Amino acid sequence: MKNLYRKIMHFFDKFEDHVRGFLSHYPLWYAIIGSFGIVHLWRGIWHLADDWGWSSYSSTIIGLLVLLGTGLLVSFFIGDNILITGLKGERKRVEKTEGEIRAEEAEISGRFNEMKKHIDHIEKRLADLKLCVSETDNIHTSVATKEKNANNKDNNVVV
């Protein structure tokens with residue numbers, strides 16, 4: 001049973017990747033097909049609630065509690081991207097051209113590469129510091145050993 005579940009999930013994961021990749025080039029059709037799916041999902045849930053005999057008040061309260069409890073109320077009805085772009089004063093992603101999106105991706109990639117260089121530089125300096133500390137420890141150990149040997153020779157001298 002577990003293996004069958006994995007196979008089904010793997011199939012739909014790959015199928016979704018393929019469909020999403022194709023439809024992302026056609027945003028209007030993507031929206032229409034997505035709307036169709038959402039409306040029919042809600043229609044099914046609505047009829048299920050009717051079959052269970054839930055009143056409109058109990059459905060509203062239960063729905064709000066579920067959405068608030070899962071953190072989906074704001075993100076579903078407003079969307080994270082809309083909130084973020086609104087706070088930044090940017091245009092919505094769907095209003096941007098493909099060139100603008102590619103330019104943003106290039107900028108993000110550039111920033112990532114710059115951060116990677118900084119991290120590499122920090123790692124190199126850290127390795128140098130570790131080497132320096134190690135050499136200092138070796139010098140202190142060597143000096144301490146020589147002092148200890150000198151003290152032992154002084155203590156072993158018979159007068």
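The values are calculated or read from the model by the stated rules, or taken from the named source; none is laboratory data. Keep in mind that this is a model prediction, so the values were computed, not measured. In case anyone asks, the SASA skips ligands and DNA or RNA and just uses the protein heavy atoms, side chains included. Shrake-Rupley method; radii C 1.70, N 1.55, O 1.52, S 1.80 Å.
Gain on full extension, evaluated as 0.36 nm per residue between Ile122 and Ala49 minus their Cα-Cα distance, stands at 20.4 nm.
Arg43 exposes around 140 Å² of accessible area when a 1.4 Å probe is run over every protein chain in place. Computed with every protein chain present, the accessible area of Leu65 is close to 110 Å² [probe 1.4 Å].
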